[in-house]
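In what follows, a single structure is set out as structure tokens and then discussed.
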Amino acid sequence: MSFGISVGDFFAVGGLAWRLYHDCFLVAKGAPHEFRLLVDELKTLHATMKLFEDEFNDPTSVLVLAGEEQLRMVQNLLEQVKHVLKGLQEVYIKHRKLGNVSRTAVKRGWDQFKWAVGAKDVDGLRNKVGCQCPRRV
């Protein structure tokens, strides 16, 4: 496509979503409920990016045939998703100790407190991820 969108864009964003899902899933067991909700959203987002990637690879798909204006909209969507995922990556790095059950109760309590303080920001990012994902009826 002449304006810069490629199958690699879907692959890159989907790959970032998968890495975040995988990393968050590994620590979600002991993490707060909101964190586990975020893990579910990341899984859905990864699946959505995979669907886009498959559609973009099919020259007869509605996505490819939609025209340049619609493809620009998809490109903008990809950029928004990538931006949100980068924010979530920062949150993950900051709070990845949440699920570590081998930490002392005091340290886990402190981790939970820090999570609670930043939960509003995390919930906002989780909602942004949810807005990017199609919902099943």
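Given the residues 11, 56, 35, which is the only one that is over 17 Å from residue 90 (Cα atoms) and buried (at least 18 other Cβ atoms within 10 Å of the Cβ)?
Exactly one residue qualifies, and that residue is 56.
Take residue 42 and decide whether it is over 20 Å from residue 70 (Cβ atoms), modelled with pLDDT of 85 or more, buried (at least 17 other Cβ atoms within 10 Å of the Cβ) and not aromatic (Phe, Trp, Tyr).
Considered against the rule, which asks whether it is over 20 Å from residue 70 (Cβ atoms), modelled with pLDDT of 85 or more, buried (at least 17 other Cβ atoms within 10 Å of the Cβ) and not aromatic (Phe, Trp, Tyr), residue 42 comes out as yes.
Tell me yes or no: at least one residue of the stretch 45-61 is more than 15 Å from residue 12 (Cβ to Cβ) and modelled with pLDDT under 85.
No, the stretch 45-61 contains no residue that is more than 15 Å from residue 12 (Cβ to Cβ) and modelled with pLDDT under 85.
Can you list the helices (runs of 4 or more DSSP H) found entirely within the stretch 1-66 that contain at least 2 residues being of a type in the set (A, V, I, L, M) and more than 13 Å from the chain's Cα centre (by Cα)?
Of the helices (runs of 4 or more DSSP H) lying wholly inside the stretch 1-66, those with at least 2 residues that are of a type in the set (A, V, I, L, M) and more than 13 Å from the chain's Cα centre (by Cα) span 7-27, 62-65.
Pull out all pairs, ordered by first then second residue, where Cβ-Cβ is under 9 Å, the residues are six or more apart or on different chains, the first lies in the stretch 74-95 and is under 17 Å from residue 49 (Cα atoms), and the second is of a type in the set (S, T, N, Q) and part of a helix (DSSP H, G or I).
Close Cβ pairs satisfying both conditions: 77/132; 80/132; 81/48; 81/132; 84/132.
So for the stretch 18-31 (the condition being surrounded by fewer than 21 Cβ atoms within 10 Å (Cβ to Cβ) and in contact with a Pro (Cβ under 9 Å, 6 or more places away or on another chain)), does at least one residue qualify?
no
The values are calculated or read from the model by the stated rules, or taken from the named source; none is laboratory data. Note that the coordinates shown come from a computational prediction; the quantities given were computed from them, not determined experimentally. Methodologically, a virtual Cβ is constructed for each residue, glycine included, from the backbone with ideal geometry; neighbour enumeration extends over all protein chains shown.
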